[in-house]
Amino acid sequence: SEAIAITPADRLSLLYAPSVNGALRDIFGALLNGAVLCMSDLRREGFAKVRDDLERRRVTVLHAMPPVLRSLTRASGKTIAPNARVLYTAGDRLLAQDLQHLRENLPAGCQIYTGIGSTECATLYRHWTIPQDWMPDGSSVPVGHAIKDRELRLLDDTGAEVAPGTVGHVEVTSPFVARGYWNDPDRSAASFKTCPERPEWRRFRPGDLGRLRPDGLMEFIGRSDSQIKIRGYRLDPVEIEAALRQIAGVAEAVVAVIDAEDRPRVVAFVEAPEDRVTEA
């Protein structure tokens, strides 16, 4: 409510399944502010119909993950949600090319709000509204600044804080951290730590890797469990996927690691604009 100033005049999209964490902001954002909730079923209705419904229902707050926005952009050929005043996107890395395409396909003046979070941290732990004239200086868009009552540290493998500008494991400390995993005391003990100096606060590592920039924005480097290391070199699958999407004739790309006779290989699957999937 505070981040994007929802009012009873707003009409919020609901493109997430209602049972997942990503839907919470849409459902309760509308319910607690007297706004309208416009539900869609992407899997059943398809991107073209959902795009038309966003316009017909005059959605003012559009919330979708970056991969969904890419598909909506490809399915559109015209402005996405022409009544939108805010686009909220999270749940995956927002690439520089995504930001460019969104600015080209959203109505003039529409703000782009993004961040990063996890279910255990009560949705977001970093966020920001991207200034209209801000341009990325890398391949991805930073995930923002600190949120009130959600402190963040970046740690190395030993648990010590890393130097500024160094990649580290994200640790969130907050009174709004889950108490544990349901009926899983061992995993809960390993993932959630107490704060003796602040009994109402807890510490949690969501498994994200980050790096703090000199301007205070945090860059999301990726998931610690999805990093690829081959012959001593660390590869970022998201960076590879971003490079593949810039190739003519590639609409979408996903990178995977396949182990063959103890020799890992990086394999990319690409989708052509005509929805033909091939292996590269």
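The values are calculated or read from the model by the stated rules, or taken from the named source; none is laboratory data. Bear in mind the structure is a predicted one, so any value in this text is a computation, not a measurement. Accessible surface is based on the protein model in full, side chains and every heavy atom, while ligands, DNA and RNA are left aside. Shrake-Rupley method; radii C 1.70, N 1.55, O 1.52, S 1.80 Å.
A few comments on the model shown:
- The Rg/Rh ratio for the range 1-111, using Cα coordinates for both the radius of gyration and the Kirkwood hydrodynamic radius, is 0.92.
- The range 41-163 - Rg and Dmax from Cα coordinates, angstrom: 16.2, 53
- By DSSP, the beta bridges lying fully in the chain are antiparallel in about 80 percent of cases.
- The range 102-245: equivalent-ellipsoid semi-axes (sqrt of 5 x gyration tensor eigenvalues, Cα, Å): 28, 21, 15
- Surface/4 estimate of mean projected area, convex hull on alpha-carbon atoms of the range 36-77, nm²: 2.9 nm²
- Eligible aspartates and glutamates near LYS49 by straight Cα distance, threshold 19 Å, same-chain separation 8 or greater: ASP41, GLU274, ASP275
- Heavy-atom accessible surface of the chain, averaged per residue, reaches 54 Å², computed with a 1.4 Å probe.
- Under 18 Å from LYS78, Cα to Cα: aspartates and glutamates that are on another chain or at least 8 residues apart: ASP52, ASP53, GLU55, ASP98, GLU104
- Approximate shape of the chain as ellipsoid semi-axes (Cα gyration tensor, √5λ), whole Å, largest first: 30, 27, 18
- For the pair LEU32 and ASP133 in one chain, pulling the backbone fully straight at 0.36 nm per residue adds 33.1 nm over the alpha carbon distance.
- Sum of -39500 (n - 2.57) over DSSP H runs of 4+, divided by residues of the chain (222 nm, nearest 500): -6000 deg cm²/dmol
- The fraction of accessible area contributed by carbon and sulfur in the range 37-175 is 50 percent, rounded to a whole number (1.4 Å probe; ligands and nucleic acids excluded).
- Only Cα pairs under 8 Å and 6+ residues apart enter the sum, and on that basis the relative contact order of the chain stands at 10 percent.
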